[in-house]
Amino acid sequence: MIKEDLSNLQECFPDTFSQAEKEKCKTLFYKKLSLIAHEHYRGKMQTLPKVPLPGFNWFNVWYTPGVSSVSTTIRDDNKTSYGLSNRHNLVAVVSDSTRVLGDGDCTPPGGLGVMEGKAFLMKYLGGIDAVALCMDSRTADGSHSAEKIIEFVKMVQPSFGAINLEDISHPNCYRVLDELRESCEIPVWHDDAQGTACVTLAGVLNALKLAGKKLSECKIVLYGAGAANTSIARLMITDGADPKKMVIFSSKGTLHDGREDYRTNPNFYRQWELSRITNPDHILTEEDAFRDADIVVAASKPGPGTIRPEWIASMAPKSIVFACANPVPEIYPSEAKAAGAYIVATGRGDFPNQVNNSVCFPAILKGTLLVHAKAISDSMAIAAAHSIADFAEARGISTEDIIPKMTETEMFPKVAADVAVQASKEGLARNPMSWEEAYEATRRDIAEVRSMMGLLTEKGQIPPIDPQWLQDALDWAVAQIG
C-alpha cells in the first residue's frame, strides 16, 4: 500500500524509472487521485448555516417576517450590509475559464474545479467564505468579451465584500482588472497577476537580504511579459527598483520605447507603459540582458531549456533566479545552480523556494475584508510582500528557504493585520481596525474553520480519504508510463 505521507511519493516508483519519468508519474498520480476524490465528494465546497435554530419559530427571525427589518435597514444605508449579512467575509471567485492553469480554455463550467479550489484555500487558510462563479464571456462570434466580464462583476458586487478574478486570458485580464479596480465599490483582486507579483516580491526581498544587495541597485531581467511579469515589474518599481536597470522580454523581443507594435495596439497598453520606462539602452538579446544581471524572474513558457545555463553563468555574483513556469521551470534548479546561481526559486512545491500564491492571497483578502476596504492598492500588496518576507526572516531564512510555506499558519494573521493597517493608512478602510484587532480576528476565524472541519471529519460528516484510492491512482500513473 502506498505510504500515507505523500511527501516521499517518488520512493513508490520503480527504481528503473528515470528522474524525468518519476516527475511525470507524480504529476499523473495527483491528476488521477484528484479525479477520483472529486468524483467521490462531488466537489470541495458546501454551504452551512452559521446561526442556531432553537425552535421552529426562529424561522420567523431568520426569514420572514422578521428579516424584513434587515432588508429595509440595508436599503436605507447600504453600508450596514457588512454587519447584517455575511458580505463582510464573502468573496466571489470570478472566471470565464479561458486560461485555466496550463490547460487553456476549459469552457465556463470547466473552471469550477480550480475556482472551488481557490474557495477552499480561502476558507482553510484565511477563514474566508468564497463562492465560485464561472461565467460565460463568449459573444455571438465565439470571441470572449472583456465587457461581459466587467458587467457581470458590477452586477454581482452588492452581494460580496471582494472579488477575486482568476484564469482570464490575455488581453482581457488586463482590461478587466484595471477597469473594475476603478469602477467597483469593493476590492477587485487578480491573483494570477497581483498575487504572483506579491509573493515573488516577498521572495526577492529575502533573496536580496541573503545576497547582501539592494533592490534599487540591481539589474533585473524579467523573462516574459504577461500578466504575472508585468505586475511583478510594477510592484518592484513601486517598491524601489530602478526601471532603467530593468530589461523585460516578451515572446517577440525586449520591451523598449521603440516597440511600435505595443504603442499602436491598445490590447498591450500594460506592455507599452513598461516599454516607455524600462531598457533605455535598447538591449535586444538574452546574452546582453543576462550579463551582470542580479535578478532574473521568468514567467514564460515551460522548460527545460527555455533559459540556458550559459546565460545564468554570465550573471553577477550571487545571482537570483526565479524560474516559475509550470509544470516544468524554464531551467531546472540543479542546472541553474551548476551555472552559478546563488538562489533559485520555482513555482513547484517539490523544489526549494516555491513561489506559491496561496501564501499571500488568503491573508490579503482577509485583511481587506476585515476593514471593509474599498480597494486593494499596490501599496497594500507591497505591505503584504514585506510582511511575508519579514515573517520568514524572523523564523530564519537560507538560500533553500526564502519564502514561507502555506503550512505556516501563524503567518496569515500577521499578513492580514499588516494589510488591514495599510488600508486604514491610505484611507481605503470603511471600518478601520488596529493591528491587534485584525490579527486576533483572523487568528480566531482560521482556528474556527480548522475546528469545524476536524469535528465534521471526526463525526464522519466529512468521510476520510480511502487509502485504496491512493493505491489505485499510483497503479494507474505507473501504467501510463508503460
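The values are calculated or read from the model by the stated rules, or taken from the named source; none is laboratory data. Note that the coordinates shown come from a computational prediction; the quantities given were computed from them, not determined experimentally. A quick note on method: Cβ atoms are made from the backbone with ideal geometry, for glycine too, and the neighbour counts reach across all protein chains shown.
Could you check, for region 51-73, whether at least one of its residues is touching a Ser or Thr at 6+ places or on another chain (Cβ under 9 Å) and farther than 24 Å from R175 by Cα? Looking for residues that are touching a Ser or Thr at 6+ places or on another chain (Cβ under 9 Å) and farther than 24 Å from R175 by Cα, one finds at least one in region 51-73, hence yes. The numbered conditions (1) touching a residue at least 40 places away in the same chain (Cβ under 8 Å); (2) over 22 Å from G212 (Cβ atoms); (3) in the same structural domain as P333 (by TED's automatic domain parsing); (4) buried (at least 21 other Cβ atoms within 10 Å of the Cβ) are all true for M406 except (4). Looking across region 431-453, the residues that are surrounded by 13 or more Cβ atoms within 10 Å (Cβ to Cβ) and not in a helix (DSSP H, G or I) come down to N431, P432, M433.
The residue that is farthest from Y332 (Cα to Cα), among those in region 274-300 that are more than 25 Å from the chain's Cα centre (by Cα) and aliphatic (A, V, I, L, M), is I277. The set of residues in region 306-324 being surrounded by 24 or more Cβ atoms within 10 Å (Cβ to Cβ), aliphatic (A, V, I, L, M) and either at positive phi or in a loop (DSSP other than H, G, I, E, B) (or both) consists of I307, M315. For region 251-273, name all the residues that are charged (D, E, K, R), surrounded by 19 or more Cβ atoms within 10 Å (Cβ to Cβ) and more than 26 Å from the chain's Cα centre (by Cα). Residue satisfying the conditions is R259 alone. Within region 365-375, being within 17 Å of K414 (Cα to Cα) and assigned to a loop (DSSP other than H, G, I, E, B) holds for one residue alone: V371. Per the conditions (1) over 14 Å from V371 (Cα atoms); (2) part of a helix (DSSP H, G or I), the sole criterion not satisfied by Q422 is (1).
Checking each residue in region 113-142 for being assigned to a loop (DSSP other than H, G, I, E, B), on the phi < 0 side of the Ramachandran plot, at pLDDT 95 or above and not β-branched (V, I, T) picks out M135, D136, S137. At least 1 residues being buried (at least 21 other Cβ atoms within 10 Å of the Cβ) and within 18 Å of the chain's Cα centre (by Cα) is the threshold, and among the strands (runs of 3 or more DSSP E) wholly inside region 157-249 those reaching it are 162-165, 188-190.
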